[in-house]
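Here the structure is laid out as structure tokens; the discussion comes afterwards.
The numbers here are math on the coordinates, done by the rules we state, and not lab data. The shown structure was predicted, so the numbers you read here are calculated from the model rather than taken from an experiment. Here Cβ is always computed from backbone atoms with ideal geometry, including for glycine, and neighbour counts include all displayed protein chains.
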Amino acid sequence: YGNFDTNVVQYYFDAGNGFSAVVSLEEGAGADTIDSYVPHVVGGVKWTQGWGAITGVVAYDSNYEEVAGKVRLDVNVSNELSLFAMVGYGSDNNLNDPTNNIDALGRGFYKQWGGNWAAWGGGTYKFNEKTSFNLQASYDDWKDIGVAANVAYTVVPGLTVTAEVDWQRVGQGAIDNQSVWVNATKKDNVGGLLRFQRDF
């Protein structure tokens, strides 16, 4: 979740052997739009092979002078099953300063999780060329737990229908900070969606 629209100046490099890298100067959006001439800075590297990929990315938020990063491992177990695991860490000293924008307390444009660290894991199982099952779970420093599961079905090439159900367990950290995260009033939350996507 989050407002990820941003104007960017970006350079992408592909070595052609599985290694790629990117550096990006970003404006941000909404309350996270840069407030000076100093842009947000993002850099990342990726190594992709037949077995999967390793990806690392780090971002600097120039408004709050905070850093956040993620490392992700993707593994192709078989033609049908692929798994991933990811960890994230971000500083939040200035994000937790009450003199800052209340909408940004504890979370920033690049560190969207509660607390300093978070972990994600999940995978995809392809039943056939048209149908796949996706599952993801997450946990963060605030003890927030999230689970998302969906089935994606390609009706015809270019048209995919996805049915998803989501569950969130709000952690104690979010409850303790509910004066700023006013939506963290329900301990358990369930949601879902039905998405129709047409690619041209």
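If we sort 151-157, 168-174 on the protection proxy, mean other Cβ atoms within 10 Å, highest first, what's the order?
168-174, 151-157
Over all directions, average the projected area of the Cα convex hull of region 8-198 and note it in nm².
Result: 12.4 nm².
Take residue 126 and residue 145, extend 7 Å from each Cα along the Cα→Cβ direction, and tell me the distance between the two endpoints in nm.
According to this spin-label approximation, the distance is 3.2 nm.
Just the Cα atoms of region 1-66, one point each, no solvent: what log10 I(q)/I(0) does Debye give at q = 0.13, 0.23 Å⁻¹?
Here the Debye-derived log intensity ratios amount to -0.44, -0.95.
Quick one: if you stick a label point 7 Å off each Cα along the C-beta vector at residue 29 and residue 77, how many nm between them?
That separation, rounded to one decimal, is 3.4 nm.
Quick check on the chain: helices-only [θ] at 222 nm, where DSSP H runs of length 4 and up contribute -39,500 (n - 2.57) each and the sum goes over total residues. Nearest 500, please.
It comes out at -500 deg cm²/dmol, rounded to the nearest 500.
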